[in-house]
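Report on the following structure.
What follows draws every value from the coordinates through simple rules; no lab data is involved. Note that this is a predicted model, so its numbers are computed, not measured. Cβ sites come from the backbone with ideal geometry, for glycine too, and all protein chains shown count toward neighbours.
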Amino acid sequence: GKKPSGTVTRHVKGPKGEIPLEVMKPEGTDLATVQTPRREASKQIVETGKAQLARGELEKALQSFQEAATLDGSNGVAYYYMARTHYALGNDEQAMGLLDRAEGLLEQSEGWTMTIEALREIITTRATRNDGTT
């Protein structure tokens, strides 16, 4: 997929050498530079979760994203991916709640706002289609 324009790729030291991390650049602020160890760890766990999600290991991915959000409650990306995993598991209500949380945390970033809106749209469409058949 194409990267949103507000994304910078940072290389951070991981257990197995450097890992490229995609960091959203919030417009007007330089939050991307404010790094705390917990925030760093949280971001790395999100990366682990994304790999698990890509492999279809949904339960494992969910645990990773939950762990990332527990470490850094301001990590909206963790909430977004948690929502995406819940959507994949068919838990639309949880997914919607988590998207609201992610949106509140990522509202400075236009790229993320659009991404969240798109997933919300997909879930709403699926919910309407499945109405009365579950």
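With a 10 Å radius around each residue's Cβ, average the other Cβ atoms per peptide and rank 87-95, 63-71, 99-107, highest first.
Details: 87-95: 15.8, 63-71: 20.9, 99-107: 17.9.
Top to bottom by mean Cβ count within 10 Å: 63-71, 99-107, 87-95.
Can you give the extra length, in nm with one decimal, that the chain gains between Thr124 and Lys60 once fully stretched, where that is 0.36 nm per residue apart less the Cα-Cα distance?
Working: separation 64, 0.36 × 64 = 23.04 nm, distance 2.53 nm.
Going from the current span to full extension adds 20.5 nm.
Work out, in µm²/s and without decimals, the Stokes-Einstein translational diffusion coefficient of the range 33-84 at 20 °C, 1.002 mPa s, Rh from Kirkwood over C-alpha pairs. Please list the in-between numbers first.
Working: Rh = 10.5 Å.
My calculation gives 204 µm²/s for D.
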